[in-house]
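Please treat every number below as a calculation from the coordinates, not as lab data. Small disclaimer: the values here were computed from a predicted structure and weren't measured. Heads up, the Cβs are rebuilt from the backbone with ideal geometry, glycines too, and the neighbour counts pull from every protein chain shown.
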Amino acid sequence: MSTIKDIAELAGVSLATVSRVLNYDETLNVQEETRKKVFEAAEHLEYHMKEKKRRKRRLKLGVICSYSPEEELEDPFYLAVRIAIEKEIEESGFKRVPLSIEDSMEHFAAVDGIICLGTFSRTTVGKIDMMKKPHIYVDAVGNRSTGDSIITDIRHSVFQVMEYLWSQGHRRIGFVGGNELDSDGKEILDARLPTYQRFLKDKNALCESYIKIGGYTAKHGYRLMKELLNEMRRPTAIFAANDSLAVGCYRAIQESGLRIPEDISVVGFNDISMAKYLAPPLTTVHIHMNFMGRKAVQMLAELIQQERSINIHVSVSTELIIRESVGRAEE
């Protein structure tokens, strides 16, 4: 590490002056410009030392996905993020090492850091902590004290959707969402649901029978939408928790002889590649999947190379993409 002598030489002052300035000696009578030089020299040398300590070798980054290849195809959100991660690793000159939480300690010892994509149980988070490797969670938050994370601003995203539907005159808004079990068998509720409920509750328009929860695939969306269409007074708009669910909703609505958006409006979430090719093109929340994947690699590389001891948790904004699947409600 840098010494007081190094700081004194860079600032052009005596060792005693450096010592007294850095210790905030109130009896020291020096100009503010001198104090500034000392502090700037100290900061510069600390930064310089950190730069010198950075590793320049090729990093080996382990990637753990919590879902199966089949699940990835059913909900292409994770597919898009994973591809972005892999591209950034390759373009940065790093090496990607596929990992499983079931792998041995030797496998984990061979990597410089770990990217965790998906949903992880408390037990799994504990195992990852035990590896004592720099790590980052993507679309999840692990142990905030031991690793970084990058997630989507879900609450604001849902509020945007609900505000838009409300502005279009919709008062009967249904929700089609999912839940899943983590590896501990604990149920993970849809993160979008609480904001949906709070918004409509504040408007005195919440109808619990309009909430349908299943899985996250198109077939779940189809089945749950069928249930909503059987309501005595069906919703005028549907908020689907992801675009795959919205695809299933489209099919159910169109099979029943109803039109989108003339009879019922649909909003999705994620903005996967197929969304704009649906008929009509789907209004949805655009998640910056490419940015999240690439940023995760960059954050992990910085965590390793700079030996950063402070954990960073990033919330990424979203964008409501208005296409043709929402119309004005006619009560």
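Observations, loosely collected:
- Simple Cβ-charge dipole of the chain, Lys/Arg +1 and Asp/Glu -1, about Cα centre, in debye nearest 20: 240
- Residues Cys207, Cys65, Cys249, Cys116, sorted so that the one with the fewest Cβ neighbours within 10 Å comes first: Cys207, Cys65, Cys116, Cys249
- Dimensions of the range 154-286 along the principal axes, based on C-alpha atoms and rounded to the nearest Å, stand at 43, 32, 30, largest first.
- Spin-label model distance (nm) - Arg144 vs Ala110, 7 Å beyond Cα toward Cβ: 3.6
- Computed from Cα atoms, the angle from the helix 154-167 axis to the main principal axis of the chain rounds to 40 degrees.
- With the charge dipole of the chain set up from +1 on Lys and Arg Cβ and -1 on Asp and Glu Cβ about the Cα centre, the Cα lying farthest toward the positive end among the listed residues Ile287, Ala41, Ser209 is that of Ala41.
- Where Rh is the Kirkwood radius over Cα pairs, Rg/Rh for the chain: 1.14
- Placing dummy labels 7 Å off each Cα toward the beta-carbon, the span from Ala279 to Ser19 is 8.4 nm.
- Estimated FRET transfer efficiency when R0 is 30 angstrom, pair Lys201-Ser315 (beta carbons, to 0.05): 0.80
- Mean Cβ count within 10 Å, highest first, over the residues of peptides 75-81, 311-317: 75-81, 311-317
- Nearest-0.05 FRET efficiency for Arg223 and Asn290, computed from C-beta distance (R0 35 Å): 0.65
- Volume per residue for the range 233-331 equals 111 cubic angstrom (convex hull of Cα atoms).
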